[in-house]
Amino acid sequence: MKQKVSITINSKMLRDVDSLVDNIFIRNRSQSIEYLIEKALKETKTAVILADNKKSLKILNNRYSLKVDHSTIVEKAIKKLSDSGFRNIFIVADHKTLTNIFKIVGNGNGNGVKIEYIDEEVPEGSASALKLLSGKIKTAFLVAQCDLVFEDVNLVELWQRHLQEKNIVTLLVSSSITHPNNVLFCQLTLEGNRVISYLEKPLLKKLNSSIFFGGIFIAEPELLSYPGRSLELDIFPELARKGILGGQVSSAEHLHVHTREDLLRVRKQIKNGKKKIKNF
């Protein structure tokens, strides 16, 4: 039994929908939308969680295992990815960190996902960590850091933007970001949806832009073949220079859980019912 529904989509997407009408297999706009929804529901998307456990006097250890309400940060990440259609999940970290995460989320069955753990025996940087997945990933994939609370992020919208723009990487960026100790995660410059410059961890006094990246992106498999150990220091700046680094902008606040102050803030906002902690 079919039901009538009403939806609102942008004009470009509507033209893409209409382009599928061939009057043979797809006879009208409704059939085109139904076809696309069915295809999306059957699609198995891949995500990667980078779970480094940097030790610092200021940065909390084992941040992924901290509870922000009844769930840990990594549990929230897995559930969000599952709800957004990412059913194949790789977690990359050192052996001890992987062991601890496995104790929390196991093989992912409880959230309807398959989790594969990748041992980063010698941590050498974010790009080196991703390259451990060479040969395992054949299509576009999402990458998120493990110290993020991103329940309200629209990952589907980011995914669709990446596929439309056909960049090597599409960053989820924000114009509102917490910057403890006068240091930001990165600063970038946009022209339309294209990132044309990327600077990692600039000092606030050197800022000339108000758009920042903080830890989630979609990438094509060829990213894994780019030279360099660090995504942020080596690869993203190079992609920006080549004009193949995209950006999906949001004005919502972005918060990593790095310090005890971050953790207390997240817990307070959730307790007060303000769940949009890091929302794009």
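The values are calculated or read from the model by the stated rules, or taken from the named source; none is laboratory data. Keep in mind that what you see is a predicted model, and the values were worked out from it rather than measured. Cβ coordinates were reconstructed from backbone atoms using ideal geometry, including for glycine residues, and neighbour counts include every protein chain displayed.
At-a-glance table
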read-out: Top-ranked residue in region 142-158 [being aliphatic (A, V, I, L, M) and not in a loop (DSSP other than H, G, I, E, B); ranked as farthest from HIS70 (Cα to Cα)]; value: LEU158
read-out: Qualifying residues in region 102-150 (those that are within 21 Å of SER230 (Cβ to Cβ) and acidic (Asp, Glu)) - the one surrounded by the most Cβ atoms within 10 Å (Cβ to Cβ); value: ASP147
read-out: Some residue of region 63-86 being assigned to a strand (DSSP E or B), out of contact with any helix residue (DSSP H, G or I) (no Cβ under 8 Å at 6 or more places or on another chain) and within 23 Å of GLU222 (Cβ to Cβ); value: no
read-out: Subset of region 114-133 (residues that are modelled with pLDDT of 95 or more and assigned to a loop (DSSP other than H, G, I, E, B)); value: LEU132, LEU133
read-out: Candidate set from region 193-248 (those that are of a type in the set (Val, Ile, Thr) and not in a helix (DSSP H, G or I)); member that is modelled with the highest pLDDT; value: ILE218
read-out: Qualifying positions in region 139-171 - under 11 Å from the mean Cα position of the chain (by Cα), among the β-branched types (Val, Ile, Thr) and more than 18 Å from GLY214 (Cβ to Cβ); value: VAL156
read-out: When residues of region 1-37 are limited to those that are assigned to a helix (DSSP H, G or I) and small (Gly, Ala, Ser), the one surrounded by the fewest Cβ atoms within 10 Å (Cβ to Cβ); value: SER11
